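Chemist: Mind looking over this structure? Questions follow.
The values are calculated or read from the model by the stated rules, or taken from the named source; none is laboratory data. All values reported here derive from a predicted model rather than from experimental measurement. We place every Cβ from the backbone using ideal geometry, glycine too, and count neighbours over all the protein chains shown. Accessible surface is based on the protein model in full, side chains and every heavy atom, while ligands, DNA and RNA are left aside. Shrake-Rupley method; radii C 1.70, N 1.55, O 1.52, S 1.80 Å.
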Amino acid sequence: MAHVMFGGLTHAPAVELCKKLVEITPDNLDSVFLADSGSVSVEIAMKMALQYWQAKQQPEKTKFISLRNGYHGDTIGAMSVCDPVTGMHTLFSDILAKNFFIPSPECKFGEPCQTEHIENLNTTLEKHHASVAALILEPIVQGAGGMKFYSADYLQQAKSLCEKYNVLLIADEIATGFGRSGKLFACEYAGISPDIMCLGKSLTGGYMTLAATLCSKEISQTISDYPPHVFMHGPTFMANPLACSVALASIRLLQESDWQANVNNIEQMLIKGLKKCSQLDDVEDVRVLGAIGVVELKNTVNMAKIQQAFVDVGVWIRPFGKLVYLMPPYTIEQRELNTLTNAIFDVLNNGKHL
Ligand SMILES: *Cc1c(COP(=O)(O)O)cnc(C)c1O
């Protein structure tokens, strides 16, 4: 069958995929909602949190806390939790719901999180928890809003604070899921289970559009127990059978491969290949985590020039703002990755980004 409307009906690929996702994601994430894109999975996560608090007779919990430099998608709800400046949505700021923003974590990946690093989150929760439904963040790696890697300790403390203040934690693993950060899911670095998790991007290895929102049994059961006894979201193409089959095949390939070794190798090659960029005058920082390599410049690149320069040396790399980055497929070969890192060094060294 080409498609089954996934309301009251089910099918094998969806059942198998949901079981698989529950199995491989952190403990406590036992229910799955399938949708068609990452942004929609974020809308769903936010609606789950809101419907949960309504069912708990706390309908005043309607706000979200989010981190500066965060990126969660382009739909209206998702835009309201993206960084108001780097989130690329300034045109729409007037009509977006007003949420709370706290500074991007200053403690870097691998470093401890001191009291002053978590102070903003602490005070925001202390002051506003009664009106806050959830904290939403990208665990460990902030992607499109700044390509920053932050302390696992911060994530752990954020989770504890959410528990203390009765606020849900939504982990947006759309960019980090399936090994990208060096762990299967970035939450594993902090050993935490969020209440809700969003997956997308590499869920299907890029071959079909599909996303998933997972949540705890506590959330799904609370929603089910309270009128209208269903989660109020039902996109036409949710759990599209072909997309579910593709996701299952992609996860099988990932699990059958030695993805951990591949990602570690890519990490080592990125470190080696990009290190020399840090000696360039215009380079602010070079950082690598898992299969993510970032060269942050001091100034915004000239997009037209830098893209042409990359095309001229035979590579396709798309920077944004001050960031030139690589997130290669895990099957990339050493020679190919060297071509990419050398291209970045050559283009920046020759000032072709200015
Ligand atoms: C890409 C991305 C999204 C949005 O997903 P789309 O499939 O583009 O709608 C949301 N959150 C994060 C962290 C992303 O990287």
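Chemist: Between GLN268 and THR90, take the C-beta separation as r, use R0 = 45 Å, and let me know the FRET efficiency to the nearest 0.05.
Modeler: Working from the Cβ atoms, E equals 0.70.
Chemist: Quick one: grab the alpha carbon gyration tensor of the range 259-349, order the square roots of its eigenvalues as a ≥ b ≥ c, and give me rounded if a/c is under 1.5, else prolate or oblate depending on whether a/b is larger than b/c.
Modeler: prolate
Chemist: Rounded to the nearest 0.05, what FRET efficiency is calculated for GLN308 and THR115 with R0 set to 41 Å and r the Cβ-Cβ distance?
Modeler: 0.30
Chemist: Grab the Cα-Cα distance for GLN221 and ASP74, subtract it from 0.36 nm times how many residues apart they are, and report the gain in nm with one decimal.
Modeler: 50.0 nm
Chemist: Still on this structure: For the Cα atoms of the chain, what angle does the longest principal axis make with the long axis of helix 334-349, in degrees from 0 to 90, nearest 10?
Modeler: Once rounded, one gets 70 degrees.
Chemist: Related question: Assuming R0 = 51 Å, can you tell me the calculated FRET efficiency for the pair GLU106 and ALA12, based on Cβ-Cβ distance, to the nearest 0.05?
Modeler: 0.60
Chemist: Greater than 30 Å separation of Cα atoms is the criterion. Which listed pairs, LYS20/LYS276; LYS159/LYS272; LYS20/LYS159, meet it?
Modeler: Flagged as over cut-off: LYS20/LYS276; LYS159/LYS272.
Chemist: To the nearest 10 square angstrom, how much accessible area does LYS305 have with a 1.4 angstrom probe?
Modeler: Counting only protein heavy atoms, LYS305 exposes about 100 Å² to solvent.
Chemist: Report ³J(HN,Hα) in whole Hz for each residue of the range 31-48, in order, from the Karplus equation J = 6.51 cos²θ - 1.76 cosθ + 1.60 where θ = phi - 60°; Gly and Pro get x.
Modeler: 10, 10, 10, 9, 9, 9, 8, x, 4, 5, 5, 6, 4, 5, 4, 5, 5, 4
Chemist: Further question: I'd like the carbon and sulfur percentage of the solvent accessible area for the chain, probe radius 1.4 Å, heavy atoms only, ligands and nucleic acids excluded.
Modeler: Ligands and nucleic acids excluded, carbon and sulfur give 53 percent.
Chemist: Is the shape of the range 173-320 best called rounded, prolate or oblate, per the rule: a/c under 1.5 gives rounded, else a/b larger than b/c gives prolate, else oblate, with a ≥ b ≥ c the square roots of the Cα gyration tensor eigenvalues?
Modeler: Since a/c reaches 1.5 and a/b is larger than b/c, the shape of the range 173-320 is classed as prolate.
Chemist: Calculate the spin-label point distance for ASN166 paired with MET232, positioning each point 7 Å from the Cα along the beta-carbon direction, and give it in nanometres.
Modeler: Going by the 7 Å Cα→Cβ label model, 2.2 nm.
Chemist: For the chain, what is the mean residue ellipticity at 222 nm derived from helices alone (per DSSP H run of n ≥ 4: -39500 (n - 2.57); sum divided by total residues; nearest 500 deg cm²/dmol)?
Modeler: Computed mean residue ellipticity for the chain: -11500 deg cm²/dmol.
Chemist: Right, next: Can you tell me what share of the DSSP beta bridges in the chain is antiparallel? A percent to the nearest 5 is fine.
Modeler: The antiparallel proportion sits near 60 percent.
Chemist: Using the Cα gyration tensor of the range 112-244, with a ≥ b ≥ c the square roots of its eigenvalues, what is the shape: rounded (a/c below 1.5), prolate (a/b larger than b/c) or oblate (neither)?
Modeler: Since a/c reaches 1.5 but b/c is at least a/b, the shape of the range 112-244 is classed as oblate.
Chemist: From the cross-link list LYS47/LYS98; LYS63/LYS108; LYS47/LYS201; LYS56/LYS98, which pairs have alpha carbons spaced over 19 Å apart?
Modeler: LYS63/LYS108; LYS47/LYS201; LYS56/LYS98
Chemist: Quick one: Karplus J couplings for the range 305-319, per residue in order, coefficients 6.51, -1.76, 1.60, θ = phi - 60°, nearest Hz, x for Gly and Pro?
Modeler: 6, 5, 5, 5, 4, 5, 4, 4, 9, x, 10, 10, 10, 10, x
Chemist: As a test question: what accessible area, to the nearest 10 Å², does ARG180 have when a 1.4 Å probe is rolled over all protein chains in place?
Modeler: 30
Chemist: Further question: On C-alpha positions alone, give me the angle between the axis of helix 241-256 and the longest principal axis of the chain, in degrees, nearest 10.
Modeler: 60
Chemist: Now, a different point. Given a 1.4 Å probe and the protein chains all in place, what does the accessible area of HIS3 round to, in Å² to the nearest 10?
Modeler: 50
Chemist: To continue, here is another question. In what order, largest first, do THR115, THR75 sit by accessible area if the probe radius is 1.4 Å?
Modeler: Accessible-area ranking of THR115, THR75, largest first: THR115, THR75.
Chemist: Would you mind computing, in nm to one decimal, how far apart the modelled labels at TRP316 and GLN334 are, each placed 7 Å from Cα along Cα→Cβ?
Modeler: 2.6
Chemist: Moving on to the next point. Tell me, how many Å apart are the Cα centres for the range 275-354 and for the range 149-228?
Modeler: Cα centres, the range 275-354 to the range 149-228: 30 Å.
Chemist: To continue, here is another question. Would you mind counting up the charge near LYS298? Only other residues with Cβ under 9 Å from its Cβ, with Lys and Arg at +1 and Asp and Glu at -1.
Modeler: Result for the local shell: -3.
Chemist: Moving on. What is the dipole size for the chain, taken about its Cα centre, with +1 at each Lys and Arg Cβ and -1 at each Asp and Glu Cβ, in debye to the nearest 20?
Modeler: 340
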